[in-house]
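Participant: One structure, pasted below without further comment.
The values are calculated or read from the model by the stated rules, or taken from the named source; none is laboratory data. Bear in mind that the values here come from a model prediction, so they are computed numbers and not experimental data. With ideal geometry, Cβ positions are generated from the backbone for all residues, glycine too; neighbour counts draw on all protein chains shown.
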Amino acid sequence: MQDRLTGLRTHSAEKHKSALSKIEKALCEMEHANEVITFNSVAQRAGVARSTLYCNPQIAQHIRQMQSHKEDTEKVPGPSEKIPDDITVLLETLDKQKAQISKMATTIRQLREDKKTLEEQKRLLIAQLVEMEELREENQRLRSQKTPTLTIQTV
């Protein structure tokens, strides 16, 4: 029985050392590759459970330090560096969009005027069509009456 316990303890210690080695290797690789270091990404890279990282206070502290160190070293653009360029680009884009809107508004006004003109022409054509139809009907009516034709004699 004692041999079994000794064997289990030895196996557990080797497994723990192996996990620590994998974790350290993953952290080094991730840091050199400038990858984002999170508990999840380290666990996936090392092939261990996240709980392994959280349960070992030294490893958890080391990961947190690496995260904060990375955040500190990431350069945030200062007020005079990138922001004015962005504002210039935004202002240029805004001017272009204003010009497009103005052009579209002019086009819309012209189309509305054209629509009114066409509606008026349509109304006049309908009136002419109705008048022509009335004249055609009157013409047919007069033909059907067969009025005698007048003969004029000249002397």
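Participant: From the residues in segment 9-35 that are assigned to a helix (DSSP H, G or I) and acidic (D, E), which one is nearest to H69 (Cα to Cα)?
Facilitator: Going through segment 9-35, the residues assigned to a helix (DSSP H, G or I) turn out to be 9-32.
Of the ones still in play, those that are also acidic (D, E) are 14, 24, 29, 31.
Numbers: E14: 31, E24: 17, E29: 16, E31: 11 Å.
Restricting to residues being assigned to a helix (DSSP H, G or I) and acidic (D, E), the top hit is E31.
Participant: Would you say I59 is in the same structural domain as N34 (by TED's automatic domain parsing) and at pLDDT 85 or above? Give the derivation first.
Facilitator: Values: in the same structural domain as N34 (by TED's automatic domain parsing): yes; at pLDDT 85 or above: yes.
Taking the combined requirement at face value, the residue satisfies it.
Participant: When segment 38-56 is examined, which residues are found to be part of a helix (DSSP H, G or I), under 13 Å from L20 (Cβ atoms) and of a type outside the set (A, V, I, L, M, F, W, C)?
Facilitator: Passing the criteria: only T52.
Participant: Inspect all residues belonging to segment 93-100 and state whether any of them is among the hydroxyl-bearing types (S, T, Y) and at pLDDT below 90. Talk me through it step by step, then tell me what you get.
Facilitator: Going residue by residue through segment 93-100, those that are among the hydroxyl-bearing types (S, T, Y) are 93.
From what's left, at pLDDT below 90: none.
For segment 93-100, residues among the hydroxyl-bearing types (S, T, Y) and at pLDDT below 90: absent.
Participant: For the subset of segment 7-26 comprising residues that are polar (S, T, N, Q) and at pLDDT 85 or above, which member is nearest to I59 (Cα to Cα)? Break it down stepwise before answering.
Facilitator: Of segment 7-26, the ones polar (S, T, N, Q) are 10, 12, 18, 21.
Next, only the ones that are at pLDDT 85 or above stay: 10, 18, 21.
Details: T10: 22, S18: 14, S21: 11 Å.
Of everything passing the filter in segment 7-26, S21 is nearest to I59 (Cα to Cα).
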